[in-house]
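Here's the structure, in structure tokens; my notes come after.
Quick note: the coordinates plus some simple rules give every number you see, no bench work behind them. All figures in this text were calculated on a predicted structure; none of them were measured in a lab. Cβ coordinates were reconstructed from backbone atoms using ideal geometry, including for glycine residues, and neighbour counts include every protein chain displayed.
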Amino acid sequence: MITTMSNPWLNLDRLSRIRVKGTLKYNVFWIVDVLNQYGLMVQFDKNFIPKREIKLNGIQVQLDNSSTPNKLILILKEMKDWEIFLILCNDLIDVMKEHEDDIVSSVMKRLERWQKLLQKTTNRSMSKEEQMGLFSELKVLQNYIIPNYGYANGVFSWVGGLGDKQDFLLENLAIEVKSHRVTSGNTVWISSKEQLNSEKKPLYLLACALSEISTGETVDTLVKSIASKVDTESIRDEFLEKVEQYGYIAEIHNDSLTRFNVEQVNSYEVNDKFPKISLSHVSPVINNLKYSLDLSGCSNFKMETNDIF
């Protein structure tokens with residue numbers, strides 16, 4: 001998940017502190033409390049008054065009112081989580097460097113974001129298959145959806161990480177995106193009984209053949225490329241939130257990403273004759289269904305990707 005990180009608390013004794021290195025307008029310290037727990041203490045130039053209570057999984061948020069102005073203190077509850085805690089702390093420090101004039105509200109906003117991130121049940125790593133899935137959806141969004149529908153409609157239509165039946169739901173069509181390794185043939189996995197059965201017609205299946213290559217792109221490369229071109233803040237925020245809902249958190253996963261290249265995109269029209277398991281053939285009491293599909297036998301349904309849009 002995370003590359004080897006320098007532990008700023010390692011040489012601190014109980015009830016000791018050391019100032020965070022770098023140019024900061026505020027006094028910020030790495031601290032160790034009475035229980036030998038790692039922490040971060042921030043002394044602002046005015047009282048830190050949260051608009052609402054902040055609860056972070058595994059982290060205690062304290063306001064020390066023993067002096068004026070008060071201090072914000074974050075304490076890590078479990079030593080084993082120090083790396084993710086350090087990422088959070090460094091993120092807050094970066095915010096303080098970038099927003100010196102509005103530091104309290106900026107830190108508050110960042111803590112609220114981390115509150116949402118740490119509430120997610122993530123194992124803090126993305127498997128290669130998960131990366132391939134997100135990578136392929138981002139490539140389809142970047143290369144086909146956005147150029148034809150614009151950023152607003154493109155981002156709005158991307159529902160793959162929201163639990164919808166298909167990955168993209170546009171006004172006049174639906175798209176399911178699948179990825180597979182070039183070296184593994186043309187087999188893709190259909191992970192639910194609804195994926196190839198859509199109420200919206202037509203439905204297209206886009207299969208992205210990926211290879212691992214040192215000069216390729218990562219999920220983070222695509223996320224930053226797309227986000228940098230969105231000139232509306234609300235749309236950019238919606239896009240980044242959907243990326244996180246998919247399961248990718250840049251601060252946690254960026255150092256363990258695989259580089260991919262899209263070697264080929266094959267597209268198919270999923271009509272009533274397309275080889276799939278129809279909903280009419282599945283009992284409604286069957287909730288989970290997964291099967292593999294060999295696209296080599298689907299040539300009759302193949303079409304040019306550009307003709308879809």
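Points worth noting:
- Summary value for the range 149-300: 32 percent relative contact order, contacts being C-alpha pairs under 8 angstrom separated by 6+ residues.
- Value of relative contact order over the chain, rounded to a whole percent, pairs C-alpha under 8 Å and six or more apart: 16
- Kirkwood hydrodynamic radius (C-alpha pairs) into Stokes-Einstein, the range 128-307, 37 °C and 0.692 mPa s, D in µm²/s: 194
- Take every DSSP beta bridge whose two residues both sit in the range 128-307; close to 70 percent of them are antiparallel.
- Helix axis angle, 128-140 relative to the chain longest principal axis, alpha carbon, degrees: 70
- Relative contact order computed over the range 16-119 (Cα-Cα under 8 Å; 6+ residues apart), in percent: 24
- Computed from Cα atoms, the angle from the helix 219-229 axis to the main principal axis of the chain rounds to 90 degrees.
- A simple count of charges around Ile190, restricted to other residues whose Cβ falls under 12 Å of its Cβ and scoring Lys, Arg +1 and Asp, Glu -1, yields +2.
- Compared with the dominant principal axis of the Cα atoms in the chain, helix 233-246 is inclined by about 80°.
- The range 16-119 shape via C-alpha gyration tensor axes, a/c threshold 1.5: rounded
- Square roots of five times the Cα gyration tensor eigenvalues for the chain, Å: 45, 20, 18
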